[in-house]
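Everything below concerns the one structure shown next.
No lab work stands behind these numbers, since they all come straight from the coordinates. The shown structure was predicted, so the numbers you read here are calculated from the model rather than taken from an experiment. Reconstructed Cβ throughout: ideal geometry from the backbone, glycine too, with neighbour counts over all protein chains shown.
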Amino acid sequence: MNVIAANGARIPAIGLGTMTLMDGVCVEAVKTALALGYRHIDTAERYRNEAAVGEGIAQGLRAAGLKREDIFVTTKVYHDKLAAADFQKSFDESLQLLKLPFVDLLLIHWPSPKVPLKETLGVLCKARRDGRARHIGVANFTISLLDQATALASEPLVTNQIEVHPFLDQSKVLAACRKYGLSVTAYCPLARGKVPGNEVLRRIADAHGKSSSQIALRHLVQQGIIPIPRTADPGHLAANLAVFDFTLSAAEMAEIDKLKRPDGRVVNPPHAPQWDA
Ligand SMILES: NC(=O)c1ccc[n+]([C@@H]2O[C@H](COP(=O)([O-])OP(=O)(O)OC[C@H]3O[C@@H](n4cnc5c(N)ncnc54)[C@H](OP(=O)(O)O)[C@@H]3O)[C@@H](O)[C@H]2O)c1
């Protein structure tokens with residue numbers, strides 16, 4: 001598995017998203033993913049599936065003869081738990097549910113104007129110093145929040161997990177992440193189902209003998225962005241990993257770049273920050 005290096009972390013270049021995967025479906029998806037070669041699993045306290053993710057990891061490691069250190073596990077603390085004591089409690093519970101002594105990456109799931117960023121970063125950095133989070137980072141942070149977080153954090157931040165896919169222009173926040181040495185983890189890399197129906201992606205896919213989803217994922221990995229597509233379908237799991245055996249031309253990359261549109265954002269809840277335009 002290719003890796004992306006960022007501020008001391010080595011992050012597998014593609015991961016499995018697990019939002020909405022529950023119970024036995026989640027266990028099987030994680031286990032199958034590890035058998036297929038996935039080495040990066042993304043969950044969150046908010047997904048209410050950490051116990052199933054942990055079980056899938058335990059079964060998957062055993063079945064594939066892997067060690068804990070062979071894989072990269074991310075979890076997140078939700079925006080209503082960013083006060084120091086709440087954050088600590090949420091992370092303690094995540095580790096218990098996952099049945100892991102540490103995660104590879106711990107993220108602030110969403111920023112919150114209700115708790116000073118300095119307070120949350122203090123406890124996030126402490127998790128890294130304690131070794132319970134090998135690396136730390138943020139999600140859904142804007143340029144101004146990245147400016148603040150990188151100035152306040154006493155430990156390196158290694159990723160900003162944000163929505164990235166062909167239909168959304170994230171060029172400004174991507175540039176800010178690069179400026180600070182953060183990797184970008186792309187959530188909704190398939191625009192939650194909007195990728196497969198796109199004609200331009202389909203045409204490029206046909207030219208490479210790939211699917212539209214594989215073209216969208218390749219467009220990200222070719223920029224050094226780490227996609228975390230979600231699926232429990234074994235065929236889709238395998239297909240989403242098979243994006244390292246072909247290259248998109250500069251003209252194809254540019255054509256995909258042109259698919260950005262003003263209404264392209266998929267995830268925009270009421271607690272979202274003021275996004276960079
Ligand atoms: N930090 C955040 O705030 C945040 C927000 C949203 C998501 N996330 C993370 O990002 C992950 C991915 O985002 P997402 O789940 O919202 O959306 P997504 O990965 O863009 O889309 C998931 C959809 O794509 C389909 N799909 C997957 N592989 C496919 C393939 N090869 N061909 C055709 N369809 C395919 C899946 O259907 P099938 O089940 O039929 O395959 C599913 O309906 C989440 O699971 C979560 O871990 C983070």
Set 76/99; 31/179; 194/258 screened for pairs whose C-alpha atoms are more than 26 Å apart:
31/179
Residue among 143, 11, 226 with the largest mean-square fluctuation in a Gaussian network model of the chain, springs linking Cα atoms under 10 Å
143
May I have the convex hull volume per residue, in Å³, for the Cα set of segment 80-199?
117
Charges at C-beta only: +1 for Lys and Arg, -1 for Asp and Glu. How large is the resulting dipole of the chain about its Cα centre, in Debye rounded to 20?
260
Taking the C-alpha atoms of segment 72-119, how large are the radius of gyration and the largest Cα-Cα span, Dmax, in Å?
10.8, 32
Under Karplus coefficients 6.51, -1.76 and 1.60, residue-wise ³J(HN,Hα) of segment 75-83 in Hz, glycine/proline x:
10, 9, 10, 6, 6, 8, 10, 8, 5
Taking every pair of distinct Cα atoms and averaging 1/r, then inverting, what Kirkwood hydrodynamic radius in Å comes out for segment 5-153?
15.5
Rounded to whole Hz and in sequence order, give me ³J(HN,Hα) for segment 8-19 from the Karplus expression 6.51 cos²θ - 1.76 cosθ + 1.60, θ = phi - 60°, writing x for Gly and Pro.
x, 9, 10, 10, x, 5, 9, x, 9, x, 10, 4
Can you tell which of 266, 221, 27 shows the greatest fluctuation in a Gaussian network model of the chain with Cα springs below 10 Å?
266
List residues of segment 154-183, by number, whose backbone nitrogen lies under 18 Å from a label position 7 Å along Cα→C-beta of residue 147.
171-182
By average Cβ neighbour count within 10 Å, what is the ranking of 243-256, 101-114 from highest down?
101-114, 243-256
From the convex hull of the Cα coordinates of segment 223-277, what is the mean projected area in square nanometres?
6.0
Residue-span extension gain [residue 175 to residue 1] - 0.36 nm each, minus C-alpha spacing
60.1 nm
Report, by chain and number, residues whose modeled amide H sits under 5 Å from the one on residue 6, excluding near sequence neighbours (fewer than 5 apart, same chain).
11
Inter-site label distance for residue 268 and residue 129 at 7 Å from Cα along Cβ, in nm
4.0
Relative counts (whole %) of C-alpha pair distances in segment 153-277, using bins that are 5 Å wide:
2, 10, 21, 24, 20, 13, 7, 3, 1, 0
Segment 1-65, convex hull of Cα, quarter of hull surface, nm² -> 4.6
At q = 0.07 Å⁻¹, what is the base-10 log of I(q)/I(0) for the chain according to the Debye formula with one equal point scatterer per Cα and no solvent? Please give it to two decimals.
-0.23
Each label point is 7 Å from the Cα along the Cα-to-Cβ direction; what then is the distance between the points at residue 67 and residue 22, in nm?
3.7
Under a point spin-label approximation (7 Å from Cα along Cα-to-Cβ), what is the residue 59-residue 203 distance to one decimal in nm?
4.4
Could you give the length gained by full extension between residue 233 and residue 114, i.e. 0.36 nm per residue of separation minus their alpha carbon distance, to one decimal place?
38.9 nm
With r as the distance between the Cβ atoms of residue 275 and residue 48 and R0 = 35 Å, compute the FRET efficiency 1/(1 + (r/R0)^6) and round to 0.05.
0.85
Specify which residue in the list 242, 88, 152 is farthest towards the positive end of the charge dipole of the chain, using unit charges on the beta carbon of Lys, Arg (+1) and Asp, Glu (-1), about the Cα centre.
152
